[in-house]
Amino acid sequence: MNRRESDVLVLGGGAIGLACALYLLRAGRSVTVLDRGQVGAATSHGNCGTITPSHALPLAAPGVLAQALRWVFNKDAPLRIAPRPDFALFEWLLQFARRCNATQCRRVTAIKAPLLIQARAELETLVRNAKLDCEFQAQGTMNVYRDARAFEHSRQMALLPAEFGLPVEVLDGAACRAREPALNDSIVGGYFHAGDAQLRPERYCAELARAVAALGGEISESTTISGLRTASGNVESVVTDRGEFSGRDIVFALGSWSPLLARQLDLRIPIQPGKGYSITYTRPARCPRIPLTLKERAVCVTAWESGYRLGSTMEFSGYDATLNRTRLDALKRGAAEYLHESEGPQMIEEWYGWRPMTYDDLPILGRTASLQNVVLATGHGMLGITMSAITGKLIAELVCDAPSSLDMAPFSPSRFDI
Ligand SMILES: Cc1cc2nc3c(=O)[nH]c(=O)nc-3n(C[C@H](O)[C@H](O)[C@H](O)COP(=O)(O)OP(=O)(O)OC[C@H]3O[C@@H](n4cnc5c(N)ncnc54)[C@H](O)[C@@H]3O)c2cc1C
């Protein structure tokens, strides 16, 4: 059979795979990206598009698991674990639970903060240099509260990222409303993160794909990877429904699907799909200017010139591909509590996506121990858009044996014995 070859084969064309492809092309490598659908059409499509170094705190924070367990039977809770017999999920949750304490939370924040600070800077540089037309705006984000006790209680954790170089401004209710007049009078306080930004993720992915093609990268869409052939400690070829492909290096950027294909290589990648939803509208008349997180309901609100989106919720329900009406409605109900006008005049799209969640809330970046030419670029969890450009840069440095811009040890697959 005719096998197509390039220097690097990138498996998966989400924001991560596309960014890796772009930086590798810039470093002079020939690159082919394989995706079973359209590139950028999976998790990288309908997410909230916020660029948030402020999210340096891991999901595994003190009290989170206890709260999730209290919510097990609450079908519209912001964080939900759907109980079912699934050993991989059980193992993942056990590891997650071990990390729900102040010491681990601080340790992970200290690792994530420098990565996210570089991620934010690199993304803006990429958008500007490659002229990516994706509605990038750098005007910060704001987390707001309606419950005075919850606001007070949040203070210690909310200020932790500031210790690691991520400034946080504490605001009372009036100051929140002054900064964002779309908020209603129920707001009692919040935190403003001046270093955050936003973009429209589906446009960003389309623009990344355009830039990849412009540099001579090949993008093979509607190409489902079904198998991986190995020989002498390498992946020799990748089998798809459009024939076989090979590359000197193989970048695994399959997001939540990474563990499924990796099983064929005896690689146990500890990623669970963390399901979230979004609803996209045309812009309401009193449209927020700043991306918001409505904290008690964990709803994220992002507006662009081209539209308006409510998103979020986190559900561990395996690879469940249904659009859950209760959880979509919870976004609308949540937003209505905080905003003068919580929905746009016309609904454009209801969507779900699977965040590739690691239990330590750090991405998996690096070569595997058992297969020399396999490079993992996955596990970006809640921050894959934010970390896309820096991932592309770091993976290109690794593949090209260039000095790394960041200490890669905390992100190495070896921490999971992969
Ligand atoms: C509701 C929600 C809100 C979010 N908000 C934000 C946010 O505001 N900011 C932020 O930074 N992040 C956010 N995220 C997280 C972000 O969306 C993800 O981290 C990111 O999209 C992951 O990108 P990826 O490229 O790894 O995965 P994906 O975009 O899922 O790409 C993986 C690709 O692999 C392909 N693939 C899988 N299996 C195969 C196969 N067998 N053969 C061929 N191709 C295959 C898929 O088709 C897909 O295109 C949010 C996520 C959700 C769900």
Mind telling me which of the residues MET357, MET382, MET314 ends up being within 23 Å of ALA88 (Cα to Cα) and in a helix (DSSP H, G or I)? MET382
If I ask for residues that are part of a helix (DSSP H, G or I) and either of a type in the set (Phe, Trp, Tyr) or under 30 Å from THR378 (Cα atoms) (or both), which ones from region 330-354 would you list? ALA330, LEU331, TYR338
So which of GLY140, GLY173 ends up being modelled with pLDDT of 95 or more and over 19 Å from the mean Cα position of the chain (by Cα)? GLY173
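Conditions tested, residue by residue: (1) farther than 26 Å from VAL127 by Cα; (2) touching a helix residue (DSSP H, G or I) at 6+ places or on another chain (Cβ under 9 Å); (3) assigned to a helix (DSSP H, G or I).
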position	(1), (2), (3)
ARG155	yes, no, yes
LEU159	yes, no, yes
GLU163	yes, yes, yes
LEU171	yes, yes, no
ALA178	yes, no, yes
TYR191	yes, yes, no
With respect to GLY366, determine if the residue is of a type in the set (Gly, Ala, Ser), farther than 22 Å from ASN47 by Cα, in contact with a helix residue (DSSP H, G or I) (Cβ under 8 Å, 6 or more places away or on another chain) and surrounded by 16 or more Cβ atoms within 10 Å (Cβ to Cβ). yes
Provide a single number: the residues in region 26-77 that are hydrophobic (A, V, I, L, M, F, W, C), open to solvent by less than 20 Å² (accessible area, probe 1.4 Å) and either modelled with pLDDT of 95 or more or within 10 Å of the ligand (Cβ to nearest atom) (or both). 5
Please specify each residue of region 1-25 satisfying the condition of being surrounded by 24 or more Cβ atoms within 10 Å (Cβ to Cβ) and either assigned to a strand (DSSP E or B) or at pLDDT below 95 (or both). VAL8, LEU9, VAL10, LEU11
Report, by residue number, each residue of region 228-252 that is within 13 Å of the ligand (Cβ to nearest atom) and open to solvent by less than 10 Å² (accessible area, probe 1.4 Å). VAL238, PHE245, ILE250, VAL251, PHE252
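The values are calculated or read from the model by the stated rules, or taken from the named source; none is laboratory data. Note that this is a predicted model, so its numbers are computed, not measured. Virtual Cβ from ideal backbone geometry, glycine too; neighbours counted across all protein chains shown. Areas reflect the complete protein model, heavy atoms only, side chains present, ligands, DNA and RNA absent. Shrake-Rupley method; radii C 1.70, N 1.55, O 1.52, S 1.80 Å.
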